[in-house]
Amino acid sequence: MNWAVLGPLLGLLVIIFFIGIWSSRRMSDSSSFLSDYYLGNRQLGGLVLAMTMTATYGSSSSFLGGPGAAYDIGLGWVLLAMSQVVTGYFVLLVLGKKFAIVTRKMNSVTLIDFLKERYQSTTVVLLSAISVVVFLFSAMAAQWIGGAHLIESLTDLSYTGALFIFAVAVLIYVIIGGFRAVAVTDAMQGIIMFIGTLILLVAVVIAGGGVQNIFNDLVSENPNLVTPFGNDGSLSAAYVSSFWILVGVGVIGLPQVAVRAMSYSNSRSMHRALVIGTIVVGLIMLNMHLIGVFARPVLPGIEVADQVIPLIALETLPSWVAGIVLAAPMAAIMSTVDSLLLLVSSAVVKDIYINYVKPDATYKHVKKVSIGFTAIIGIIVFVMSVNPPELLIYLNLFAFGGLEAAFIWPVVFGLYWKYANKFGAISSMVVGIGSYIVIHLYNTANGELFGVHTVTFPVLFSLIAFVGFSLLFKREPFYFSLKQAK
Amino acid sequence: MERPDQDWRFKIANREALIGCALAVFNFIWWYGFAYGLGSKPPEEYTYVFGFPAWFFWSCIVGVLVMIVLVMVVTKFFLKDVPFDEDEEGNQS
């Protein structure tokens, strides 16, 4: 057992645990349990907002899978990863102030709440809630598996044991602390990721004998590693560019990201978050993936992609520093899982249970149900992850792409196009998810259709469906009624 | 007829959403232009800046820095502070 490495990881868990307790204390003196538990009472400041967006979004695929792919594929994969910089400012600017103003007025606590008020349709609510639960459940499972594998690779624990530690740690603070605990721990985890990545990059560059030296080694091994086209020249410009939809601008359709765009306290927080978010996303993505490429000459012959970061950290750093650095991917995984868990819980509790089963629930009852469901969902994910499917990164991307195709247009048009209506929203979701699954299966069997990522066409199709069906059925403008509260 | 969509804050919000799109388009062009403009020749002909291949240096490293500076400028000079809660309800924190 490597205690020097484990120490910082355990330290992280302890601190997080106390943040959970602190958050649940703060909750006891608020008036609306739902708004507090699922949205932190809309009181996030700039730093926490930027960090929680980055951390929610940056998951095990950015910290383990992504650098692992860069290790195999070379600089082309770093180029691809840099399409994520746009998320640092795009989501907040585009959803922006209108989303914040409107959701406050509507008293929306979840993204689906907003859709419910905007489209006035039970079908929209149920469709959205089901897609959130199904897709994010699989995304969550993928993250837990990543977290458990990481603990497993650093310690002598078995996979199940590692999963258990991981699950208990996350469950406790999410269940008792709600959104505020998630956001505050995200902020801390974001800072750990940022600093951890920086330290590791410097260490890898030193171990490789400087940037120039590393690139010489790469070129002499395989010149394709330093081109934008990947180790075997198969990474086309169209394919790489299509990731701008999947992990760039399309992120706006992810409920776990969009819900954060309604959680900040005022426009100054949002402005600060824009700047901090862009810096943090940009540098973390650049550094993390560069580490993957640079690790190749330093430590050749790593077979399992997810092992690149743990192995290179243990190789180039003193073990206690490696422990701190390896807390970064751990933090990335936790900060994604916690947000997803809370979101799935909010879809079940707020969007289904309170809307349709028990609208007149008391404060106490809501509290019991929220906490109870969060716990039950967490435990189900744990059980499912014990015997998990492979291909972590694909499972994760499948969930992301499907949700983006479903939600991007109902959210964006709902906000900015007055003729958007429920017919458009429903058809857009059905077409988006449906075509995503079909094209995903086609691409898995035959290679990428037209050389671009699966997500591209479903997003396009759902756009056409949205506009077409909105105009076809009922051309009636919708105005957000701000004047009279209802 | 009253048009609630004419809320003065929505004009600002719409403008800022368009700024967001403009930034993303610029970001994409910069990223794509340098990466494939400089990176498409055979690797033997690459030039290097601070040890990095020039296409990567300009597209990814300088690209990130440019976007950070642009976002700072936009935030400082183009975005406006607006209140999120209007008088009623006293939800002012």
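The values are calculated or read from the model by the stated rules, or taken from the named source; none is laboratory data. These figures come from a predicted structure and were not determined experimentally. Here the Cβ is made from the backbone with ideal geometry for all residues, glycine too, and neighbour counts use every protein chain on show. Note: areas computed on protein heavy atoms with side chains; ligands, DNA, RNA excluded. Shrake-Rupley method; radii C 1.70, N 1.55, O 1.52, S 1.80 Å.
For region B:13-79, what number results from the quotient of the Cα radius of gyration and 2.2 N^0.38 Å?
In units of the globular-protein estimate, region B:13-79 measures up at 1.35.
Could you rank the peptides A:255-266, B:15-26 by their average count of other C-beta atoms within 10 Å per residue, with the highest value first? Walk me through the numbers before you get to the answer.
Working: A:255-266: 24.5, B:15-26: 17.2.
So the peptides A:255-266, B:15-26, ranked by packing, come out A:255-266, B:15-26.
Order these peptides, A:456-469, B:46-59, by their mean beta-carbon neighbour count within 10 angstrom, highest first.
The peptides rank, most packed first, as A:456-469, B:46-59.
Could you please put A:157, A:34 in sequence from largest to smallest accessible area, using a 1.4 Å probe?
So the residues, ranked largest to smallest area, are A:157, A:34.
Using a 1.4 Å probe on protein heavy atoms only, how many Å² of accessible area do A and B hide from each other, summed over both chains and rounded to 100? It would help to have the intermediate numbers written out before the result.
Values: alone 18750 and 7630 Å², together 21630 Å².
Buried: approximately 4800 Å² between B and A.
Count, for each residue of A:413-425, the Cβ atoms from other chains sitting within 10 Å of its Cβ, then give me the mean as a whole number.
Going residue by residue through A:413-425 and averaging, the value is 1.
Please list A:222-232, A:371-381 highest first by mean number of surrounding beta-carbon atoms within 10 Å per residue.
A:222-232, A:371-381
Determine the shielding of peptide A:215-223 by partner chains: average, over its residues, the number of Cβ atoms on other chains within 10 angstrom of each Cβ.
2
Along the charge dipole of chain A, Cβ charges K/R +1 and D/E -1, which of A:326, A:103, A:183 sits furthest on the positive end?
With unit charges placed on the Cβ atoms, the residue in question is A:103.
Summarise the partner chain shielding of A:82-90 as one whole number: the mean count of Cβ atoms from other chains within 10 Å of each residue's Cβ.
That average works out to 6.
Dividing the alpha-carbon Rg of region A:170-243 by 2.2 N^0.38 Å yields what?
Relative to the 2.2 N^0.38 Å estimate, region A:170-243 comes out at 1.74.
Provide the net charge surrounding residue A:87, with neighbours chosen by a C-beta distance below 14 Å and charges set as Lys +1, Arg +1, Asp -1, Glu -1. Don't skip to the answer; put the middle values down first.
Numbers: positive: A:260; negative: A:404.
Once positives and negatives cancel, what remains is 0.
Points 7 angstrom from Cα along the Cβ direction at residue A:130 and residue A:32: gap in nanometres?
In this crude spin-label approximation the distance works out to 2.9 nm.
Kindly report, to the nearest 10 Å², the accessible surface of residue A:54 as traced by a 1.4 Å probe over protein heavy atoms only.
10
With +1 on the Cβ of every Lys and Arg and -1 on the Cβ of every Asp and Glu, and nothing else charged, how large is the dipole of chain A about its Cα centre, in debye rounded to the nearest 20?
Here the size comes out at about 2620 debye.
What shape does region A:3-473 have by the C-alpha gyration tensor, where a ≥ b ≥ c are the square roots of the eigenvalues, rounded means a/c under 1.5, and otherwise prolate means a/b greater than b/c and oblate the rest?
Taking the square roots of the gyration eigenvalues as a ≥ b ≥ c, region A:3-473 is oblate.
Collect residues whose amide H, placed 1.01 Å from N in the peptide plane, falls under 5 Å from the amide H of residue B:52; neighbours closer than 5 in sequence don't count.
Placed amide hydrogens put nothing under 5 Å from residue B:52.
Before I look further, what does the protein assembly as shown give for accessible area per residue, probe 1.4 Å, in whole square angstrom?
It amounts to 37 Å² per residue over the protein assembly as shown.
What's the carbon and sulfur percent of chain A's accessible surface, probe 1.4 angstrom, rounded to a whole number?
66
Using helices alone, I'd like the mean residue ellipticity at 222 nm for chain A: each DSSP H run of four-plus residues gives -39500 (n - 2.57), total over residue count, nearest 500. Please list the in-between numbers first.
Details: 19 runs with 353 residues, N = 486.
Helix-only estimate at 222 nm: -24500 deg cm²/dmol.
With θ set to phi - 60° and the Karplus curve 6.51 cos²θ - 1.76 cosθ + 1.60, what are the ³J(HN,Hα) couplings of region A:74-82 in order, to the nearest whole Hz, using x for Gly and Pro?
Per-residue couplings from phi come out as x, 4, x, 6, 5, 4, 4, 5, 6 Hz.
If you split all Cα-Cα distances of region A:1-147 into 10 Å bins from zero, what percentages do you get per bin, shortest first?
8, 24, 37, 23, 7, 1
Run the numbers on chain A and let me know its relative contact order in percent, using alpha-carbon pairs under 8 Å that are six or more apart.
31
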